[in-house]
Amino acid sequence: MDFDDDYYSGGEEEDQMLYTDDDTDAEDFDFIDNASDSSELALSNRHHVRNYTVLSESDIRQRQEDDITKISTVLSISKVAASILLRHYNWNVGKIHDEWFADEEKVRSTVGLLENPVMEYKDASEATCGICFDTYPSGEMLDAGCGHPFCSSCWAGYVSIAINDGPGCLLLRCPDPSCCAAVGQDMINLLASGEEKEKYCGYFTRSYIEDNRKTKWCPAPGCDYAVDFCGGRGGGGGYDVTCHCSCSFCWNCTEEAHRPVDCDTVAKWILKNCAESENMNWILANSKPCPKCKRPIEKNQGCMHMTCTPPCKYEFCWLCLGPWTDHGQTTGGFYACNRYEEAKADKEFQEAEQQREIIKNSLERYYHYYERWATNQSSRQKALADLQQMQTVHLEKLSDLQCQPESQLKFITEAWLQIVECRRVLKWTYAYGYYLPEEEKAKREFFEYLQGEAEAALERLHQCAEKELEVYLNVKDPETDFNCFRTKLSGLTSVTKTFFENLVKALENGLSDVNAHAASN
């Protein structure tokens, strides 16, 4: 066994402890038999206890029904009235209880719930519609319990317009301008067409997510799942959640999952990556304006003789920006302009050069971090593709070659899941590093040390999973024993996991260990 084998042989005991702890282990790896789109979900499940719940449309409707039944029973009101209350209070059951029992009359007045329906016009044989002003038999008139009668045709038009205008129809009131009586779902069911009822039900279902501070829709295109966040960052995974559609995102800002970097840093980084200012910075750092037309020009050849593009065609010296006609033997030769040295004495020229140098250094620093951020992103996407192929093709082949059941090969999938997660973490540490103040040298050195150790461990793991595994897939009788490979890969997975857990913990604590160490000294 070589050096790497000795160093990373975490031992079969540790391997068993990590991967065969209890019965839930089998559940964690059920995805192996399913479509590999669930890789992100499996990745989420294995790292921490979930502090969120993914909700389907049927789950949302069941929760709505449960809340409506609860409010209806406790307050002794109809389910229609309970749904109106919940919509008004953004599905906050606790707040409804508090305010209802504190001042029921005030709540009813605010929401538009009438305790005793007014039916005065029913005593007359006829009534006049308040919209079209036609007279109809009283029995054909409808109202919201407030005593303001309207004909069924006007009601239907009123409801139809409200529903087609959008979700505002959920807070519909009596058509009479002076009345605030709420229009419940019973009226909608009576007056709306089938298509309009479907729209209304859709608005009603979505309101549970969009009006609730604890729930959000999955941002993946075409996904109909929502996420109910059950706790704060203390849940072990920060705000990172994974939907059933396999989309991992931050519940707080709905950007892609970015633990351990905070949402503000991610927002600044994404904005910087998209900003046109970076293009302008490149232009300022790598070009000079034509002295005549002021268009930026990039020097792409060796000599200093520059010619602007048509229609300008101005010829000038790249060094001093002076007319090329003034350059000859008196200036030191066509390609050795000593006017540059003279120009450097000019204050305005010095300031322009200094500004260009500052921008260039800043741009080079940004590209350093961006390149590594983007490279780890592409490496993660490749690792996800490799994981998919491993689940669907290679595990079965390896099982046949090694005469072992697939359940005994899960250490390989575990390694790939670790690689995918570590690539994600490493990617965002480069955004963190970019915004880490230069003057905080101790923190920067500590951060770069932790990042470097974690990255080195990840590269060893990725190399082993990607290259060394090929030997056992393509060679029938490899020289190295498969159990030695199992031990090495399991050990590397464990070591890499530890390095990244330390890195994540340090960044989430703001690298406070540096301050604590300085104080102790």
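The values are calculated or read from the model by the stated rules, or taken from the named source; none is laboratory data. All values derive from a computational prediction rather than experimental measurement. When we count neighbours, we look across all protein chains shown, and the Cβ atoms used for this are built from the backbone with ideal geometry, even at glycine. When the accessible area is computed, the model is the full protein with side chains, heavy atoms only, and any ligands, DNA or RNA have been set aside. Shrake-Rupley method; radii C 1.70, N 1.55, O 1.52, S 1.80 Å.
Values computed for the structure shown
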read-out	value
Identity of the residue in the stretch 453-473, of a type in the set (A, V, I, L, M) and within 22 Å of residue 425 (Cβ to Cβ), that ends up most open to solvent (accessible area, probe 1.4 Å)	456
Only one of 163, 188, 131 that is open to solvent by less than 80 Å² (accessible area, probe 1.4 Å) and either touching a strand residue (DSSP E or B) at 6+ places or on another chain (Cβ under 8 Å) or more than 30 Å from residue 60 (Cβ to Cβ) (or both)	131
Every pair of residues 6+ apart whose Cβ atoms lie under 9 Å, when the first sits in the stretch 383-394 and is crowded, with 24+ Cβ neighbours inside 10 Å while the second is of a type in the set (Gly, Ala, Ser) and not in a helix (DSSP H, G or I)	391/35
Total residues in the stretch 471-487, condition modelled with pLDDT under 80 and assigned to a helix (DSSP H, G or I)	4
Subset tally (residues that are assigned to a helix (DSSP H, G or I) and crowded, with 16+ Cβ neighbours inside 10 Å) for the stretch 166-185	4
Search result, residues across the stretch 191-209 that are in contact (Cβ under 8 Å) with a residue 24 or more places away in the chain and open to solvent by 50 Å² or more (accessible area, probe 1.4 Å)	193, 199, 203, 206
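To keep it simple, each residue is scored yes or no on (1) more than 41 Å from the chain's Cα centre (by Cα); (2) open to solvent by 30 Å² or more (accessible area, probe 1.4 Å); (3) closer than 27 Å to residue 425 by Cα; (4) modelled with pLDDT of 75 or more.
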position	(1), (2), (3), (4)
333	yes, no, no, no
337	yes, no, no, no
346	yes, yes, no, no
364	no, yes, yes, yes
368	no, yes, yes, yes
